[in-house]
1. Name the single residue that is surrounded by the fewest Cβ atoms within 10 Å (Cβ to Cβ) among those in segment 132-163 being at pLDDT 90 or above, in contact with a helix residue (DSSP H, G or I) (Cβ under 9 Å, 6 or more places away or on another chain) and of a type in the set (Gly, Ala, Ser).
2. Here is a list: Gly365, Gly413, Gly334. Which entry is farther than 29 Å from Arg271 by Cα and surrounded by fewer than 22 Cβ atoms within 10 Å (Cβ to Cβ)?
3. Being under 21 Å from the mean Cα position of the chain (by Cα) and among the polar types (S, T, N, Q) is the filter; apply it to segment 63-81 and report the residue that is nearest to Asp373 (Cα to Cα).
4. Step by step: first the residues of segment 287-312, then only those that are within 14 Å of Ile270 (Cα to Cα) and among the polar types (S, T, N, Q), then the one that is surrounded by the most Cβ atoms within 10 Å (Cβ to Cβ). Which residue is that?
5. Quick test of your reading of the structure: Cys266 fulfils all but one of (1) at pLDDT below 95; (2) touching a Cys at 6+ places or on another chain (Cβ under 8 Å). Name the failing condition by number.
6. Got a number for residues in segment 323-333 being of a type in the set (Gly, Ala, Ser) and either at pLDDT below 95 or touching a Leu at 6+ places or on another chain (Cβ under 8 Å) (or both)?
7. Residues of segment 347-366 being touching a helix residue (DSSP H, G or I) at 6+ places or on another chain (Cβ under 6 Å) and not in a loop (DSSP other than H, G, I, E, B), which ones?
8. Do we have Ala315 as in a loop (DSSP other than H, G, I, E, B), of a type in the set (A, V, I, L, M, F, W, C) and surrounded by fewer than 17 Cβ atoms within 10 Å (Cβ to Cβ) here?
Amino acid sequence: MAEVKELARMLMELDDQMATCMKCGMCQAVCPVFAETLREADVTRGKIALLENLAHEMVKDPKGVQEKLNKCLLCGSCAAGCPSGVKIMDIFLNARMIINGYMGLSPAKRFVLHSMLAKPKLFNALMGMAGKFQGLVTRPANAAMGTSCAPVFSSMIGDRHFTPLAKTSLHSAVGTVNTAAGQSGIKVAFFPGCMADKMYTQVGHAALKVFAHHGVGVYLPDAQACCGIPSLASGDKESYEALVRYNADILSRENYDYLVTPCGTCTETIRNIWPLLMDGYPDDLKERIRSISGRTMDINAFLVDVIGVKAVESASDAHTVTIHDSCHLKKSLGVSAQLRTLVRANPHYKVVEMNEADRCCGCGGSFTLYHYDLSKRIGRRKRDNIAASGAEMVATGCPACMMQIYDMLSQAGDRNPVKHPIEIYAETLP
């Protein structure tokens, strides 16, 4: 009976959130999924129409509802351009929790989210083993870009090209870091995120180098976990809340001025989503979340807006870089110019803008796993814009976008390296 009451309460809250949608269709013009499928059910307006009858549809065709809700990148393009200010991401995340709570997770999803991701020590151990033995099931795909493929798993991951896992994760390489503030007088908690910890470890190492150069103290516990967004995007409230509680506990053990992350998605999750979904939490946990989220910043914004990194004049033989604005960074956090400033702080690089720099690359976290063909179609548009820019290199502030762009460029036979702006800036430092 309690579960039925909770479901009814969540459905009523969802109705209240949707009341401001005018069905104007402005979301059609910016939705990357709709641009490819031209199906009304794939655009925000169509999904909200579905959700308005959610209780009935859940009984009539729960699987169909689940599939339609999951066919969304959660890129925020619709929310950023909504004239009515509808909190679309809030609606879709809550709707996914409702339908998945009603339907239950598939055995595979439950294993990954509950048995692996929500258990940080086990997850880290498994990823460490995978990094060492991945060569048994992968082969080189594009030698110039350093990508691999795994034909044996093609039924699960498609024909994607990917950057191999690091043989040594960031947390294994550096352990716990806890240094006092130096010349800057500032200390940060550094949250590298799963991708910078286990795949793009060069991003994490570059960040630590930059912090040391600017006299920024660092608190980096070696036992951090996922920020929780994969679980939340899958509608798994239980695993998401377990990860929030775990991280909130670890990140509350030390005093610092800012929590800084090189991942736009992690920044958005910790800064905006953690406090949004904390109804029902104990008061002490709520207070910890408010304290952490209120100090959370993207690393590009931190270095430019707080530390004061400035652009310099480019050398005559500077390499050209084009910048992809990740959805969560620009559309949700308003961080865009700072990436360009950080790249221009290295005189050996200059920025060449691509067309549609802030259009979604098609990754969308788990979206690319469940809808890879559609993800790839969206990604090819990004690849074509990169190629048309004529730039030698691509920079982006989101490791998940790095993964998607690597895949698209590699499959096209391109040779452009993909880097985080922090890597480019760190090259200037001794």
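The values are calculated or read from the model by the stated rules, or taken from the named source; none is laboratory data. Predicted model, so just to flag it, every value in this text is computed and none were measured. Cβ placement follows ideal geometry from the backbone for every residue including glycine, while neighbour counts extend to all protein chains displayed.
1. Ala144
2. Within the list Gly365, Gly413, Gly334, the selection yields Gly413.
3. Among residues in segment 63-81 that are under 21 Å from the mean Cα position of the chain (by Cα) and among the polar types (S, T, N, Q), the one nearest to Asp373 (Cα to Cα) is Asn70.
4. Residue satisfying both the conditions and the ranking: Thr296.
5. Failing condition for Cys266: (1).
6. First pass over segment 323-333, keeping only residues of a type in the set (Gly, Ala, Ser): 326, 332.
If we keep only those that are either at pLDDT below 95 or touching a Leu at 6+ places or on another chain (Cβ under 8 Å) (or both) too, we end up with 332.
Looking only at that region, the number is 1.
7. Tyr349, Val351
8. Yes, satisfied.
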